[in-house]
Amino acid sequence: GNLVSSQEWFQFGANFSETYLGNNFVIRGIKAEGWTRNVTQSIQQGPFITMNLTFELTYYFSLPSWNWFQSSESRIPVRVELRGQRVTDNGTISTYDFHHYYDYVQFFADDLTLSDELDFDIPDFYEQCNVTSYCNTYPTNKICTVTKGPPIPRLPYGFSAKWEWTATTDYAWSPKGFTSMMEVYYDYDHNEAHSIWHFNDGYYDNALHQLDLLGDGKDQSWTWIGDGIGSTPMTSDDEIQGCVMKQGAANFTGYDNYVLAVANGHIATPNQFLFFDDSRYEPDYSDEVWLGYTTIRGIKAEKWKATFNHIVNGDEATLWLPARLDANQKAVMNGTVYYYFSSNWTFGWDLNDTQRPLGMDIEMIYELYNTSDNGVTWDLMNNATVS
């Protein structure tokens with residue numbers, strides 16, 4: 001667990017039995033003395049390749065009389081020379097002769113010149129670094145508090161929200177991207193949720209409602225289009241269309257009518273539904289990393305980041321896709337999710353909750369494959385970059 005000594009790092013010193021070559025060398029105009037030794041190494045590269053090295057390792061040091069910027073140290077390394085041969089055996093013998101020079105053009109070794117260089121601080125960009133594995137082992141270390149920033153935001157189990165969904169990539173019904181509105185009313189504890197998706201022409205009469213009443217033995221899944229509120233700014237005859245109620249499946253996992261996430265017959269946790277801090281449920285999601293502060297719509301916000309690399313196999317129950325794939329298909333998805341949460345911000349007269357989700361950006365590469373020989377080979381059917 002300790003750094004090796006300087007002699008071990010340089011592979012030079014009394015323990016290595018060097019031979020003195022004299023003090024009549026000049027390296028880049030610097031008077032120097034030299035030491036050399038012979039080195040033999042055998043390196044195994046995989047199960048079938050062996051690399052054998054034999055070379056002379058020669059160090060050159062400045063003479064004791066040399067002046068380095070008034071430093072108290074004078075005998076410092078100025079060059080390392082390697083001359084030898086590499087023989088590789090991978091069933092066929094190949095030989096390579098080499099002659100390398102490595103010059104030390106700036107080598108400081110006393111307290112005066114090292115006062116600044118040996119000030120080892122964490123990098124200024126620490127907010128962009130993932131320290132999760134280290135801090136899982138040393139959670140009380142100060143660096144974990146500094147680099148992780150504030151505690152990860154908590155998503156309440158009951159909430160209502162409205163968001164604008166903008167896709168900047170092409171879709172079949174909107175080749176130049178689109179924007180739509182979504183309202184959600186969520187009560188995880190009572191296993192009930194209601195989503196309203198406003199899309200296409202007519203903000204109100206094209207409102208797709210999905211109402212899941214899965215608790216208290218109801219097991220009801222309702223779907224309809226239109227608000228049915230009689231009169232709106234858009235229409236005076238807003239009729240309900242396509243109203244259907246079906247029984248919720250006790251062990252269903254996926255998206256009910258493409259919009260509400262359900263896991264094993266229960267509406268998904270808010271973490272799963274919003275894809276935040278859900279690595280406990282989806283191991284292919286990385287832990288969130290704090291990226292510092294920014295502003296969203298003028299609101300001071302925390303920025304968090306997670307990455308994913310996930311494969312969905314055909315006919316697999318999943319929350320990664322709005323519908324199941326055919327049995328002979330699979331989807332490969334990898335990308336990055338950025339989350340934004342308010343930070344110590346007052347919303348109207350609500351003084352009890354100063355931290356709320358403000359937005360999410362997704363950058364994803366999606367690939368769809370098909371097999372006709374039970375998975376022996378896979379053919380790429382479609383791919384897209386989604387953001």
(request) Go through K162, K305, K142 and list them by solvent-accessible area, largest first, probe radius 1.4 Å. (result) K142, K162, K305
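When only C-alpha pairs under 8 Å and at least 6 residues apart count, what is the relative contact order of the chain, in percent?
Values: 757 pairs, mean separation 28.0, N = 387.
Worked out over the chain, it gives 7 percent.
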(request) Name all residues of the range 1-17 having a backbone nitrogen under 14 Å from the label point set 7 Å from the Cα of Y138 along its Cα→Cβ direction, giving them as ranges. (result) 1-3
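By accessible area of protein heavy atoms, probe 1.4 Å, what ranking do R297, R79 get, highest first? Present the calculation step by step, with values, prior to reporting the outcome.
On the way: R297 175, R79 50 Å².
These residues rank, largest area first, as R297, R79.
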(message) Keeping every protein chain present and rolling a 1.4 Å probe, give me the accessible area per residue for the chain in Å².
(response) 62 Å²
(message) Considering only protein heavy atoms and a probe of 1.4 Å, how much of the accessible area of the range 241-340 is carbon and sulfur, as a whole percent?
(response) 46 percent
(message) Given the whole protein assembly as supplied and a 1.4 Å probe, what does the accessible area of K218 come to in Å², nearest 10?
(response) 80 Å²
(message) For E56, what accessible surface area do you get with a 1.4 Å probe? Give it in Å², rounded to 10.
(response) 90 Å²
(message) With only alpha-carbon atoms in the gyration tensor, what are the semi-axes of the equivalent ellipsoid for the chain, in Å, largest first?
(response) 64, 29, 19
(request) With a 4.7 Å Cβ cut-off, tell me which Cys residues in the chain come up empty for a partner. (result) C129, C243
(request) Mark the label point 7 Å from the Cα of F48 along Cα→Cβ and return the residues of the range 66-97 whose backbone N is within less than 20 Å of it. (result) 87-95
(request) Rank these by accessible area, largest first, 1.4 Å probe: L274, L260. (result) L274, L260
(message) Per q in 0.11, 0.12, 0.15, 0.16 Å⁻¹, report the Debye log10 I(q)/I(0) for the range 1-124, using one uniform scatterer on each alpha carbon and no solvent.
(response) -0.54, -0.63, -0.87, -0.94
(request) Between N328 and N23, with labels modelled 7 Å along Cα→Cβ, what's the label distance in nm to one decimal, could you check? (result) 8.3 nm
(request) Between beta-carbons, use under 14 Å as the cut-off and find the net charge around G248, counting Lys and Arg +1, Asp and Glu -1. (result) -3
(message) Skipping prolines and chain starts, which residues have an amide H placed within reach, meaning under 5 Å, of the one on R356, given they are 5 or more residues away or on another chain?
(response) S342
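The values are calculated or read from the model by the stated rules, or taken from the named source; none is laboratory data. In this text, all values refer to a predicted model and were calculated from it rather than measured experimentally. Ideal geometry is used to build each Cβ from the backbone, glycine not excepted, and the neighbour counts take in all protein chains shown. These area figures cover heavy atoms from the full protein model, side chains too; ligands, DNA and RNA do not enter into them. Shrake-Rupley method; radii C 1.70, N 1.55, O 1.52, S 1.80 Å.
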